[in-house]
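First up is the structure itself, then whatever we jot down about it.
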Amino acid sequence: MKAELSAMFNVKDVDRSVEFYRQLGFDIRWEWKDDDGTRSYAGVGIGEAVIALGRIPKDRMRGQDPDYAKWVSTPLGAGVIVTIELRAVEKIYAKAKKAKASIDSRLSKRPYGTAFMIADPDGYVVRFLRPVGEFA
């Protein structure tokens, strides 16, 4: 059975996040803009993996929706690691270094595969992994 997963990250600046992921080789799959042309929501993808990036609206943070404000006021990315499995781990690692991404774990071979981890501009940790035996 084939399964796909996408993740949604609340971010402070969708444009900044889109540019960060584009530097790693992701492409824009879709985007929504507000009436003023501000990008408020976008999906970036690489292969079958998609990360949705949603802007935290300031008006919802001013007490209009206290449950939402409480939810997004915790540190963004806290405790979350998203793993993207792909063949071209070394290629993405080179792009991450070139983009001066915050590399949390350098590229290395591990018992489960070849991997590295980065933190995006909002603190979400993304692991890029070529699992052992995959993509051979």
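The values are calculated or read from the model by the stated rules, or taken from the named source; none is laboratory data. Values in this document were obtained by computation on a predicted structure and should not be read as measured data. Quick reminder, even Gly has a Cβ in these numbers, built from the backbone with ideal geometry, and neighbours come from all protein chains shown.
Listed by first and then second residue, the pairs linking a residue in the range 40-57 that is under 28 Å from R87 (Cα atoms) to a residue that is at pLDDT below 90 and surrounded by fewer than 17 Cβ atoms within 10 Å (Cβ to Cβ), with Cβ atoms under 6 Å apart and 6 or more places separating them unless they lie on different chains, are E48/E4; V50/S6.
Yes or no: the range 64-86 includes at least one residue that is polar (S, T, N, Q), over 22 Å from D15 (Cα atoms) and either out of contact with any helix residue (DSSP H, G or I) (no Cβ under 9 Å at 6 or more places or on another chain) or at pLDDT below 80 (or both).
yes
For the range 1-30, how many residues are free of Cβ contacts under 8 Å to residues at least 24 places away in the same chain, of a type in the set (D, E, K, R) and over 23 Å from I92 (Cα atoms)? The total comes to 1. Only one of the listed residues (G25, G37, G47) is modelled with pLDDT of 80 or more and more than 23 Å from R127 (Cβ to Cβ). That residue is G37.
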